[in-house]
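J.: Structure below; questions to follow.
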Amino acid sequence: MCGIVGYLGNKSAKDVVIKGLKRLEYRGYDSAGISTLQNNKLEITKTQGKVSDLIAEISTGTHTGGLGIGHTRWATHGIPDNKNAHPHSDNSGKFTLVHNGIIENYQSLKQLLSDNGITCKTDTDTEVLVQFMGYLHQKEKLDFIDTVRLALNQVVGAYGIVVLCEDYPDMLIAARLGSPLLLGIGKDEFFVASDSSPIIEYTRNIIFLDEGELAVITQDQYEVRNLSGNEIVTKEIEEIEYNLDEIEKGGYDHFMLKEINEQAYTISEALRGRVNSEESTVTLGGIYDWIQQILDAKHIYITACGTSWHASLIGSYILEELLNIPVKAEYASEFRYRETAVNSDSVVICVSQSGETADTLAAIRKAREQGALTLGIVNVVGSSIARETHCGVYIHAGPEIGVASTKAFTGQVTIFNLIGILLAQKKGCNLEKIKPIIDDLDALPGLVQSVLDQGNEVFPIAEDFMDVENFLYLGRGYQFPVALEGALKLKEISYIHAEGYPAAEMKHGPIALIDDDMPVVFVVTARGYNKIVSNIQEVRARGGKIIIITSEENAELQEYSDHIIQVPDVSHCLQAVLTTIPLQMLAYHMAVLKGCDVDMPRNLAKSVTVE
Ligand code: G6P
């Protein structure tokens, strides 16, 4: 969601900003823009569409100089068009700003501006903010820094912003409340971005801005202050942990395909140094000091959004099975506004690839306020959720660029197994229950690779069904969330309507949809085998097309299916890792055959930093 890049240094700001915006494309956007400041003159170019459209709009000889900001917008207030694209500026043309987030009190600010003769030109909340800065600057005779600070102190909502002012040709101001921003510290140059991907090419040294912080960057220095008290904050310089090639396609047609194929490696990374199969133990440094408190909890909540919520549902089954205490998985957007029973006896686990999802972040803040211990299962190192939870376990899947999450999901399920095993052991669980899972974990990367190696087996299924309008995915137990995830992948990237259901629930509604044209994907494992075979029969009897993903090999399933994909059989707690992969592949091939933009599906964003 909305990408921000800012640059101050000796390079061409236009080049750095445009390249940075291209790196941020994966987050999802519908318009793009750039503003640079040279010879005390601000220049702005913006357009609906892609960064390539923006490049086409930029006339030669413009946007020279070493100070600039850029933005990819994902529309919230106002349709995606040229006028609503960022950067926005005030009516005097002195200030220009890019913004990620939502200004909630924009209506009252707009009224105040209107009462003072200032009319906004666009439908955005962002323009209101920059107009408000222009208004304060003139009315209060403030300098650039105080203008931004005073304006932000009156804003309600969420923002990551970068601002330029025509009167300050070597200054860039960035501030954050609720939307991530980080600074890149180069040699005689500085960067600002909403994630590290536009920065890594130039420097690995970064500073995460924390909530309510404002950074003032000039040619030779930067200073971070808190917005409320205006005190200087000493920030630690941290290092980007991944390499540039991890955010490039590396010969694959799409990031999604690359990321699907990385899963044997990413799972081995999730396990690395954490499992000792000889001694049947698991070590997780990030929760080590909190184990007793977790074990003392009376209940566990798991909260997340999207694909991470599907992993959470599997996680809830794993933890409840291994720990024998109540565990509930809930959408973060529901959890944060519901009256929950969370208190100091609760552990609240948050699962997030990006570590920035607005609802998930709000959910952990609420949980902390209510006295719960919070634990993050997060992929992006140093992200907001990773920093705001008491303890946590990183997924170590590396950057995930494809909007449809794949390797993060299998990593999350793997981590839930590690947490479950560790806690179960500390609780005194019988080794017999744990040992088979540990043994399977050891073998898991190899088993994942074997499923990936047969990836093209799903291609004929994609060919057969690429023109259908509906799909149904059914599973039981651990395979119900897999069905949800399979359906989500398909609808996200191929725009085919797909629903995931617990197989037995089919009778309570979806069965009405089944006719000769309806493909139904069944995810079949040993647990509940006979029951799900009955559900298969029910679909067959009504003429539905049957696609089976299974860890069971037998003639019965062969006979009942139009297509069947076999995956290795592992412990129930881990099986989802293997059954999900063919479903990722199926969605991928369907989307490619239909000519869809796999990595940047319409309307979707990778990192949803607004609610
Ligand atoms: C967006 C993405 C999904 C992701 C969800 C949760 O909707 O498109 O792929 O599952 O956000 O994101 P998170 O980063 O918290 O896992």
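The values are calculated or read from the model by the stated rules, or taken from the named source; none is laboratory data. Just so we're clear, the structure is a prediction, and the values are computed from it rather than from any experiment. Positions of Cβ are generated from backbone atoms using ideal geometry, with glycine treated the same way; all protein chains shown enter the neighbour counts. Just the protein is used for accessible areas: all its heavy atoms, side chains included, with ligands, DNA and RNA removed. Shrake-Rupley method; radii C 1.70, N 1.55, O 1.52, S 1.80 Å.
Okay, residues lined up against (1) among the acidic types (Asp, Glu); (2) on the phi > 0 side of the Ramachandran plot; (3) in contact with a Pro (Cβ under 8 Å, 6 or more places away or on another chain):
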| site | (1), (2), (3) |
| --- | --- |
| 450 | no, no, yes |
| 467 | yes, no, no |
| 479 | no, no, no |
| 499 | yes, no, yes |
| 506 | no, no, no |
| 514 | no, no, no |
| 521 | no, no, no |
| 526 | no, no, no |
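J.: Of the residues that make up the stretch 227-236, is at least one within 29 Å of residue 165 (Cα to Cα), surrounded by fewer than 16 Cβ atoms within 10 Å (Cβ to Cβ) and in contact with a helix residue (DSSP H, G or I) (Cβ under 9 Å, 6 or more places away or on another chain)?
T.: The answer is yes, given that some residue of the stretch 227-236 is within 29 Å of residue 165 (Cα to Cα), surrounded by fewer than 16 Cβ atoms within 10 Å (Cβ to Cβ) and in contact with a helix residue (DSSP H, G or I) (Cβ under 9 Å, 6 or more places away or on another chain).
J.: Tell me, yes or no, whether the stretch 514-522 has at least one residue that is over 27 Å from residue 266 (Cβ atoms), modelled with pLDDT of 95 or more and not aromatic (Phe, Trp, Tyr).
T.: Yes, there is a match, as at least one residue in the stretch 514-522 is over 27 Å from residue 266 (Cβ atoms), modelled with pLDDT of 95 or more and not aromatic (Phe, Trp, Tyr).
Listed here are the residues, each with its yes/no results for (1) in the same structural domain as residue 515 (by TED's automatic domain parsing); (2) within 16 Å of the ligand (Cβ to nearest atom).
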| position | (1), (2) |
| --- | --- |
| 381 | no, yes |
| 392 | no, yes |
| 399 | no, yes |
| 437 | no, no |
| 445 | no, no |
| 466 | yes, no |
| 471 | yes, no |
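J.: Report, by residue number, each residue of the stretch 564-605 that is part of a loop (DSSP other than H, G, I, E, B), within 16 Å of the ligand (Cβ to nearest atom) and open to solvent by less than 10 Å² (accessible area, probe 1.4 Å). Walk me through how you get there before you give the answer.
T.: Kept after step one, since they are part of a loop (DSSP other than H, G, I, E, B), are these residues of the stretch 564-605: 567-571, 594-605.
Narrowing further to those that are within 16 Å of the ligand (Cβ to nearest atom): 596-605.
Within the stretch 564-605, 598, 601 meet the criteria.
J.: Still on this model: Take the residues of the stretch 366-378 that are out of contact with any Ser or Thr (no Cβ under 7 Å at 6 or more places or on another chain) and not basic (Lys, Arg): which is nearest to the ligand (Cβ to nearest atom)? Outline the logic, then answer.
T.: Here is the first cut: in the stretch 366-378, the ones out of contact with any Ser or Thr (no Cβ under 7 Å at 6 or more places or on another chain) are 366, 369-370, 373, 377.
If we keep only those that are not basic (Lys, Arg) too, we end up with 369-370, 373, 377.
Values: 369: 20, 370: 21, 373: 20, 377: 10 Å.
So, considering only residues that are out of contact with any Ser or Thr (no Cβ under 7 Å at 6 or more places or on another chain) and not basic (Lys, Arg), the one nearest to the ligand (Cβ to nearest atom) is 377.
J.: If the Cβ limit is 6 Å and pairs must be 6+ apart or interchain, which residue in the stretch 586-611 that is under 15 Å from residue 406 (Cβ atoms) and not assigned by TED's automatic domain parsing to the domain that holds residue 260 pairs with which residue that is open to solvent by less than 60 Å² (accessible area, probe 1.4 Å) and modelled with pLDDT under 90?
T.: 604/28; 606/26; 606/27; 606/28
J.: Residue 72 fails exactly one of the following numbered conditions: (1) within 16 Å of the ligand (Cβ to nearest atom); (2) at pLDDT below 95. What is the number of that condition?
T.: With respect to (1) within 16 Å of the ligand (Cβ to nearest atom); (2) at pLDDT below 95, residue 72 is out only on (2).
J.: I'd like the full set of residues that are in contact (Cβ under 8 Å) with a residue 60 or more places away in the chain and surrounded by 23 or more Cβ atoms within 10 Å (Cβ to Cβ), limited to the stretch 493-511. Walk me through how you get there before you give the answer.
T.: Filtering the stretch 493-511 for residues in contact (Cβ under 8 Å) with a residue 60 or more places away in the chain gives 493-496.
Once the filter is applied, which keeps residues that are in contact (Cβ under 8 Å) with a residue 60 or more places away in the chain and surrounded by 23 or more Cβ atoms within 10 Å (Cβ to Cβ), the stretch 493-511 yields 493, 494.
J.: Another question, if that's okay. So, in the stretch 343-365, exactly how many residues are over 21 Å from residue 577 (Cα atoms) and either within 16 Å of the ligand (Cβ to nearest atom) or over 25 Å from the mean Cα position of the chain (by Cα) (or both)?
T.: 16
J.: Pick from 61, 93: which is open to solvent by 60 Å² or more (accessible area, probe 1.4 Å), farther than 22 Å from residue 24 by Cα and not basic (Lys, Arg)? Step through it out loud before you land on a result.
T.: Working: 93 fails: open to solvent by 60 Å² or more (accessible area, probe 1.4 Å).
Going through 61, 93 in turn, the sole match is 61.
J.: Looking at the stretch 200-224, which of its residues are touching a residue at least 40 places away in the same chain (Cβ under 8 Å), more than 17 Å from residue 179 (Cβ to Cβ) and either surrounded by 18 or more Cβ atoms within 10 Å (Cβ to Cβ) or among the aromatic types (Phe, Trp, Tyr) (or both)?
T.: Scanning the stretch 200-224 gives 200, 202, 216, 217.
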